[in-house]
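Visitor: Pasting a structure here, questions to come.
Just so it is clear, none of the values below were taken in a lab; they were calculated from the coordinates. All values derive from a computational prediction rather than experimental measurement. Cβ sites come from the backbone with ideal geometry, for glycine too, and all protein chains shown count toward neighbours.
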Amino acid sequence: MTTPTQDTNTSATSIPSEKCFLDRVLKIPRYGFVRDGQLYVPTHREIWSEFFHRLNVFRDRRNWLALFGWTATLSFAIPLAIFFIYFFSWPLFFAGFVYSMVLLGSHGTFWLHRYSTHRAFKFRNGFVRMLCRNLVIRIIPEEIYVISHHVHHRFPEKPGDPYNVHGGWLYCFLADVNHQTLNTELSEKDHQQVCKLMEHTGVHLTTYEQYKKWGSACKPWTAIAHYALNWSFWYGAFYLLGGHALATALFGFAGVWGIGVRTYNYDGHGRGKLRHKEGSDFNKSDLSVNQIWPGYVAGEWHNNHHLFPNGARSGFLWYQLDLPWLLIRSLEKLGLANSVKDYKLKFMNDYYRPFRKSEPNYSSLQVPESQS
């Protein structure tokens, strides 16, 4: 396990000319991010207009990834409806709820957030990576998440942040289409830098000529084939375990998670208001907050994450359960993961213990050993 000591309040990337690159890597919406030097908050009509404009593959086939992402998510409505109409039971309802909130949520943090974006750890080999990539039903394409999340950490709550909380709930909810897709006019050098941010994920990446045709870093047919194989495997596995009843319940609730996760960044940044709690939220450079529900079901202690973006753990205090961290730590103990970055000791020494010492009744307080 690695215990870094360097400053970590930046996005974990080593690409050159980061600021200029991240300024232009995403496609700017027609309503723009800035007007008169300030963040422009579009109307709901402008947001919806941009959303459907970017889903139109007949106008521009380079919109395929945005359309694919939403088509994949909305298609889960079919098994969800079948479950409620033909197979509903409270045990299966509960199973679907737990699968979506806990397993899909924790895997999203583990795979998309900590590994694919921030490289908080490494896998022993490509086979282990492939297995971990497919531990659950596939929903969100890596490209949509990874590139835009680097931009988010570079410009949190500033114009250009793809899910800027100051833009409002709908601005964040539809951000994966309106703000998170690649700029389709990147230079060959910029396309190479995008690929550098993605190459460790196992995604089959485009050549520059393919990128100019499809507007994406991932290849359309391999991405679609990957989803088809993943869904076929998991539906078959669930069917063998519990028939169509279990399979439709779990696939249906996967869609619930796919919709719900699009609301997370708005809530995770205090809904645009300062909601930091003393003794819990130590990162004061943005509006990110630690929340009990996302923390317990998905390890998303978001303020801690913004404090140490490339850490493999964000649950630092005794009550902050971090299921993705437990998975990463288990893989490390089994020799299947390495270079694991853990900032808990730095958090305790630099933030939590100084805070406790500043309290008036510090002499009568004891910091639990479990927080050491």
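Visitor: So what's the back-of-envelope 222 nm ellipticity for the chain, counting only DSSP H runs of four-plus at -39500 (n - 2.57) apiece and dividing by all residues, rounded to 500? Before the final figure, lay out each step's value.
Guide: Working: 18 runs with 174 residues, N = 372.
About -13500 deg cm²/dmol.
Visitor: Is there a pair in Lys333/Lys357; Lys122/Lys346; Lys277/Lys346 whose C-alpha atoms are over 31 Å apart, and which pairs would that be?
Guide: Values: Lys333/Lys357 34 Å; Lys122/Lys346 21 Å; Lys277/Lys346 20 Å.
Correct reply: Lys333/Lys357.
Visitor: Any idea which of Ala225, Phe93, Ile292 is furthest toward the positive side of the dipole for the stretch 18-371, if Lys and Arg beta-carbons carry +1 and Asp and Glu beta-carbons -1?
Guide: Ala225
Visitor: Based on other C-beta atoms within 10 Å, arrange Lys344, Lys219 from fewest to most. Please report the intermediate quantities before stating the final value.
Guide: Working: Lys344 22, Lys219 18.
Starting with the residue having the fewest Cβ neighbours, the order is Lys219, Lys344.
Visitor: Can you compute the charge dipole magnitude of the stretch 145-280 about its Cα centre, using +1 on each Lys and Arg Cβ and -1 on each Asp and Glu Cβ, nothing else charged? Give it in debye, rounded to the nearest 20. Present the calculation step by step, with values, prior to reporting the outcome.
Guide: Numbers: 12 positive and 10 negative charges, 42 e Å.
For the stretch 145-280, the charge dipole is close to 200 debye.
Visitor: Return the lysines within reach of Lys189: Cα separation strictly under 25 angstrom, same-chain partners fewer than 8 residues apart disregarded; answer none if there are no such residues.
Guide: Lys19, Lys27, Lys212, Lys213, Lys219
Visitor: Then there is this: Gaussian network model of the chain, Cα springs within a sub-10 Å range: biggest mean-square fluctuation belongs to which of Ala81, Ala66, Ala337?
Guide: Among Ala81, Ala66, Ala337, the largest GNM mean-square fluctuation belongs to Ala81.
Visitor: Next up: So, in nm, how far is label Ala81 from label Ser358 when the simple model puts each one 7 Å beyond its Cα toward the Cβ?
Guide: A separation of 5.5 nm, rounded to one decimal place.
Visitor: So, in Å, what gap is there between the alpha-carbon centers of the stretch 87-153 and the stretch 314-364?
Guide: First find each Cα centre; the distance between them is then 22 Å.
Visitor: Please give the contour-minus-distance gain from Arg35 to Asn230: 0.36 nm per residue of separation, less the Cα-Cα distance, rounded to one decimal in nm.
Guide: Numbers: separation 195, 0.36 × 195 = 70.20 nm, distance 4.34 nm.
Using 0.36 nm per residue and subtracting the Cα-Cα distance, I get 65.9 nm.
Visitor: A follow-up question, please. I'd like to compare 345-354, 105-114, 28-37, 198-207: which one has the highest average count of other Cβ atoms within 10 Å, and what's the full order after that?
Guide: On the way: 345-354: 15.3, 105-114: 24.1, 28-37: 13.0, 198-207: 17.1.
Descending packing order for the listed peptides: 105-114, 198-207, 345-354, 28-37.
Visitor: If you take the charge dipole of the chain about its Cα centre, with +1 on Lys and Arg Cβ and -1 on Asp and Glu Cβ, which of Cys20, Ala175, Ser314 is farthest toward its positive end?
Guide: The residue sitting farthest along the positive end of the dipole is Cys20.
Visitor: Report, in debye and to the nearest 20, how large the dipole of the stretch 116-204 comes out about its Cα centre when Lys and Arg carry +1 and Asp and Glu carry -1 on their Cβ.
Guide: On the way: 10 positive and 9 negative charges, 109 e Å.
Value, rounded to 20: 520 debye.
Visitor: Suppose every K and R has +1 on its Cβ and every D and E has -1 on its Cβ; what is the size of the dipole of the stretch 18-371 about the Cα centre, in Debye to the nearest 20?
Guide: Numbers: 39 positive and 27 negative charges, 79 e Å.
Here the stretch 18-371 has a charge dipole of around 380 debye.
Visitor: Now for a different question. Starting from the amide H of Leu26, placed 1.01 Å from N in the peptide plane, find each other amide H under 5 Å away whose residue is 5 or more places distant or on another chain.
Guide: Long-range HN contacts for Leu26: Asn183.
Visitor: With unit charges on the beta carbons (Lys and Arg positive, Asp and Glu negative) and the dipole taken about the Cα centre of the chain, which residue among Thr184, Tyr208, Trp325 sits farthest to the positive side?
Guide: Tyr208
Visitor: Could you put Tyr171, Tyr163 in order, starting from the residue whose Cβ has the fewest other Cβ atoms within 10 Å? Could the numbers behind the result be given before it?
Guide: Working: Tyr171 23, Tyr163 26.
Lowest to highest Cβ neighbour count: Tyr171, Tyr163.
Visitor: Could you put Trp231, Trp90, Trp301, Trp293 in order, starting from the residue whose Cβ has the fewest other Cβ atoms within 10 Å? Numbers along the way, then the final one.
Guide: Details: Trp231 18, Trp90 7, Trp301 30, Trp293 11.
Result, fewest neighbours first: Trp90, Trp293, Trp231, Trp301.
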